[in-house]
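Laboratory data are not the source of any read-out in this text; all were calculated from the coordinates shown. Since the model is a prediction, treat every value here as computed from it, not as a measurement. Backbone-built Cβ (ideal geometry, glycine too); neighbour counts: all protein chains shown.
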Amino acid sequence: MKKSILFIALLSFVTTLFAQQQPILLKGRVVDSLTQQPLPFAAIQISQQSKAYPCVANDSGMFQISLPDTGSWTFAANYMGYNGYAQTVSIQQKTTTLDLLLSRQVKKLNGVEVKASQPYIAVQRDKIVVNIAQSPLAAGDNAYQALKRAPGVMDQQGLKLRGKTVTVYINGRPSRLSGQELENYLSAMPANTIESLELMPNPSAKYEADGAAVINIVLAKNKSLGTNGTVNIGAGMGNHLLYNGGVSLNYRDKVLNVYGSYDYMNRTTDATNTATRTISKNYIIQDQQYAENDLQSHTYKLGFDRTIDKRSSFGALLRGNIRTKDQTMANTSHLPNDSSSVLDKVNHTSFQTPAVNVYFKTLLGKQKNELMLNGDYYSYDKKANDKLTTSYFDAQGMGYGQPSQVRYQSPANNQVFSFSGDYNFKAFKTTFESGVKSIFTKTDNNLIWENFDASNWKEDALRSNHFIYKENVYGAYLTAARTFHKFDMQAGLRVEHTDNSGNSLTLQQVHNNGYTNLFPSLSINFNQSEKQQFSFSYSRKIERFGLDIVNPFLVYQSQYQYSKGNPAIKPTLSDNLELGWTYNNSWMASIGYGHFSDVLAEVYHREDNSAITIGSYDNVASGDQLMLGLSYYKGFLKGKIYTVTSVNTLYAKYNAPASSQLDKSGIGAMASNNTSFKLDGNWKAEINTAYTSPLKFGAYDFRSQFSMGVGITRSVLQKKGSLTLNVSDIFNTEKRNYSILSYDVAAIFRNSPETRFVKLVFNYRFGNQQVKAARARRTNIDEVKQRMQE
């Protein structure tokens, strides 16, 4: 019996000893902490007391090594141009995967700061980051033009990303703008106020369900210690002189960061548009329109962040824009009997768009679970006055009759309140993100049309309308992410309830609606090898109408064309599938399919017994969309040349009644290339080209479009300053030509906005530019912990 006990004890000891000596397999990547790009051939050393195991990452930044046992191991990594990395991690599993995140190095040579630059485009798992701050073409430009140059983005009656409708966020908060209001706002935002664009074609359940794709505009914010700032001034020439200027200031210490900026922009641009409308076989109207737009914009930002302790912080941000737009326009309409009319329009519009955000963030418990509370307020206040004078001419060009005069005022006041709470935590080897949000929106529009009769202005009661729209959205979400060997999986569910009410005080008509929807999402990434990955994603989304779409006002476009909203419109629901492939962090391919119900479509009708065309909106039965995408990202000559090429093809079709003539479909393609050059230590250049092929869907038949821009930057004043010269749309080919065939309306449009400009911009940085390293180290540690598979 004693021998048996002794044998069992000995066997147990040997088994335990053998188990302890089983090797531990450690796998991971060395990547840039900002862009998540791999750092090839980085030097790594893993040590424990007197043991040390050196290794070198491969050309994809991947490494793999066997360790003799579990316990606390210290990881060190070094890479040229980056700060050294050192961190102790507890290894308990036989197979462990982690990422080592290195931050860019800041050096001073003879008092001059030298900082590693970010690539123009960085590909991450769930998004593509476009670093606008690195683009010579962005200098002196506006945010809307910068957005249109991003890979996969097109402007087809609104911004699209890979053919999907886009919701625009600013600093992670929804902009609450769409359509023309969004274009006006972004056109008044200088591109130099933007740090980067985050393109998310398949956003998770964390983001609001509205919009199939998300573009997040990250505003520039100085992260250096002490007091510092930038000054910029620029001028340009198209058909008119353009100029801009601005200043930003920043103060940061260990607990407080106060920052602010002001930018001014003045742009006068021209546009020449033509339209041919076929009312009947023998009744054709030809329009020729010339417009001059003068825009003056004041953009401001003031905020602070305060660290309470090692776990908690709070802050507030006020940002906004004050702008005025003056337009003069002449529209000549040629009628079938050789007579004509000339309409002269004078418009003055002023906008004020302040936005306020307050937040509180804290880490809870030993696991440091993150709680974030946000409160937002946004106001869009518009005052617009238009005066229209129409003169009439016979076939010989002689005027006859009295000119008719009308005018209208279209003030609008939109207000949005939003409250949200987000809680992120880890449990059961899974990372969870959860949150709740409430959004309260109110718009008040009072359109007043007046006709001039003899010597008095009289209100036109048939066109005037006072309309108030209210919408409340309540949402909650939960996502769970976990890694299983070679699989990274994330599943999420979002629920939203919406109540809205449209009230026409003039017509005494009220439209009420309420609905609740579930929005599941799923993404799976399969890391087959160090170089090759596959992905699958599914999401359900909703496209809520823009606030201008529900407004039943008649809005003047030209003498024979108006637009009008539809308060009874229903939101569009979509189910989206996408397969993706990535190779060597250079090649990316995707194929996606979307099915849409209650599709929002633009429709055109002719006003009874007249030649006036009214564009409005309606829901058609359903729609289908197929997308294929291929992108190539590559650096040459040790990073001196970096090129990004993207090709996307799109097939879209409405399943609508044949009588509506909305069932047209076709295949279209969009190709773009951005190539940057580092000519030497002081020079860099950029070339951007984009082409969009003809495309048919719904009522539209779009023609092809091409544009090319170039820019060059030189560092001056010991690299504290820079001079940038750029030319946009060199060949003046960025035109918007399309035709419409819907119900009883057939029209051809050729729009030629002014897009070719030459701009020269000077930028100067002053004050302390030393980046605070301690904060970057804490971020790196947190991200390593999140990426560990324990």
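Which residues' amide hydrogens lie under 5 Å from the amide hydrogen of residue 220, considering only partners 5 or more residues apart or on another chain, with H built in the peptide plane?
Answer set, sorted by chain and number: 194, 195.
Determine ³J(HN,Hα), in whole Hz, for all residues of the stretch 251-256 in sequence, where each value follows from phi through the Karplus function 6.51 cos²θ - 1.76 cosθ + 1.60 and θ = phi - 60°; x replaces Gly and Pro.
Karplus values, whole Hz, x for Gly and Pro: 10, 9, 10, 5, 10, 9.
Roughly how big is the stretch 123-770's charge dipole about its Cα centre, with Cβ charges of +1 (Lys, Arg) and -1 (Asp, Glu), in debye to the nearest 20? Provide the component values of the computation, followed by the final result.
Details: 67 positive and 55 negative charges, 596 e Å.
In debye, rounded to 20, the stretch 123-770 gives about 2860.
Based on the Cβ-Cβ distance of residue 522 and residue 298, what FRET efficiency does E = 1/(1 + (r/R0)^6) give at R0 = 45 Å, to the nearest 0.05?
Numbers: r = 45 Å, r/R0 = 1.00.
Result of the calculation: an efficiency of 0.50.
Treating only the Cβ of Lys, Arg, Asp and Glu as charged (+1, +1, -1, -1), what charge dipole size does the stretch 364-457 show about its Cα centre? Round to the nearest 20 debye. Walk me through the intermediate numbers first.
Details: 10 positive and 10 negative charges, 146 e Å.
I would put it at about 700 debye.
Between residue 148 and residue 324, what is the spin-label point distance in nm, taking each point 7 Å from the Cα along the Cα→C-beta axis?
2.6
In whole Å and largest first, what semi-axes does the C-alpha gyration tensor of the stretch 123-770 yield when each eigenvalue is scaled by 5 and square-rooted? Before the final figure, lay out each step's value.
Numbers: eigenvalues 334, 179, 145 Å².
Semi-axes (√(5λ), whole Å): 41, 30, 27.
Using a 10 Å cut-off around each Cβ, can you sort 496, 602, 607 from fewest to most neighbouring Cβ atoms?
Working: 496 21, 602 17, 607 12.
Lowest to highest Cβ neighbour count: 607, 602, 496.
Each label point is 7 Å from the Cα along the Cα-to-Cβ direction; what then is the distance between the points at residue 379 and residue 720, in nm?
Taking the simple label geometry, residue 379 and residue 720 are separated by 4.0 nm.
What is the order of 563, 529, 339, 455, fewest Cβ neighbours within 10 Å to most?
Details: 563 20, 529 11, 339 15, 455 5.
Fewest-to-most Cβ neighbours within 10 Å comes out as 455, 529, 339, 563.
Got a sec to turn the phi values of the stretch 706-712 into Karplus ³J(HN,Hα) couplings, 6.51 cos²θ - 1.76 cosθ + 1.60 with θ = phi - 60°, whole Hz, x for Gly and Pro?
Whole-Hz 3J(HN,Hα) from phi for the stretch 706-712: 9, 8, 9, x, 9, x, 9.
Could you grab the relative contact order for the stretch 245-288? Cα pairs under 8 Å, six or more apart, rounded to a whole percent.
Reported relative contact order: 26 percent.
Below 8 Å between Cα atoms, with a sequence gap of 6+, how large is the relative contact order for the stretch 342-427 in percent? Don't skip to the answer; put the middle values down first.
On the way: 174 pairs, mean separation 30.3, N = 86.
It comes to 35 percent, rounded to a whole number.
Collect residues whose amide H, placed 1.01 Å from N in the peptide plane, falls under 5 Å from the amide H of residue 369; neighbours closer than 5 in sequence don't count.
So residue 369 has HN proximity to 364.
For the stretch 580-586, what does the Karplus curve 6.51 cos²θ - 1.76 cosθ + 1.60, with θ = phi - 60°, yield as ³J(HN,Hα) per residue in whole Hz, taken in order and with x for Gly and Pro?
In residue order, the calculated couplings are x, 9, 10, 10, 6, 6, 10 Hz.
Taking a ≥ b ≥ c as the square roots of the eigenvalues of the Cα gyration tensor of the stretch 487-573, is the shape rounded (a/c under 1.5), prolate (a/b larger than b/c) or oblate?
On the way: a/c = 6.93, a/b = 2.24, b/c = 3.09.
Verdict is oblate for the stretch 487-573.
Evaluate E = 1/(1 + (r/R0)^6) for residue 610 and residue 454, where r is the Cβ-Cβ distance and R0 equals 25 Å; express this FRET efficiency to the nearest 0.05.
On the way: r = 24 Å, r/R0 = 0.97.
Efficiency, from the Cβ-Cβ distance: 0.55.
Compare the Cα positions of 549, 593, 528 along the charge dipole of the stretch 523-619 (+1 at Cβ of Lys, Arg; -1 at Cβ of Asp, Glu; about the Cα centre) and return the one farthest towards the positive end.
Farthest towards the positive pole: 528.
Cut-off is 10 Å between beta-carbons; in what order do 587, 73 appear when sorted fewest neighbours first?
Ordered from fewest to most neighbouring Cβ atoms within 10 Å, 587, 73 come out as 587, 73.
Check the straight Cα-Cα distances from residue 570 and name the aspartates and glutamates below 17 Å, setting aside those fewer than 8 residues away within the same chain.
List returned: 210, 471, 496, 499, 543, 548, 598, 602, 618.
Say R0 is 25 Å: what FRET efficiency, to the nearest 0.05, do residue 476 and residue 368 get from their beta-carbon distance? Before the final figure, lay out each step's value.
Working: r = 23 Å, r/R0 = 0.93.
FRET efficiency, residue 476 to residue 368: 0.60.
Starting from the amide H of residue 311, placed 1.01 Å from N in the peptide plane, find each other amide H under 5 Å away whose residue is 5 or more places distant or on another chain.
Counting only residues 5 or more places away or on other chains, the set is empty.
Go through 437/564; 696/759; 160/684; 437/541 and tell me which ones have a Cα-Cα distance over 25 Å in this structure. Can you show the working numbers first?
Details: 437/564 32 Å; 696/759 35 Å; 160/684 30 Å; 437/541 17 Å.
Going by Cα-Cα distance, 437/564; 696/759; 160/684 fall outside the 25 Å limit.
Can you tell me the length gained on complete extension of the stretch residue 253 to residue 235, counting 0.36 nm per residue apart and subtracting the Cα distance? Numbers along the way, then the final one.
Working: separation 18, 0.36 × 18 = 6.48 nm, distance 3.52 nm.
Here the segment from residue 253 to residue 235 would lengthen by 3.0 nm.
Please give, to one decimal in nm, the separation of the simple spin-label points placed at residue 243 and residue 511, each 7 Å out from Cα toward the Cβ.
Between residue 243 and residue 511, the label points sit 4.7 nm apart.
Of 335, 356, 321, which is farthest towards the positive pole of the stretch 312-361's charge dipole, taken about the Cα centre with +1 and -1 on the beta-carbons of Lys, Arg and Asp, Glu respectively?
356
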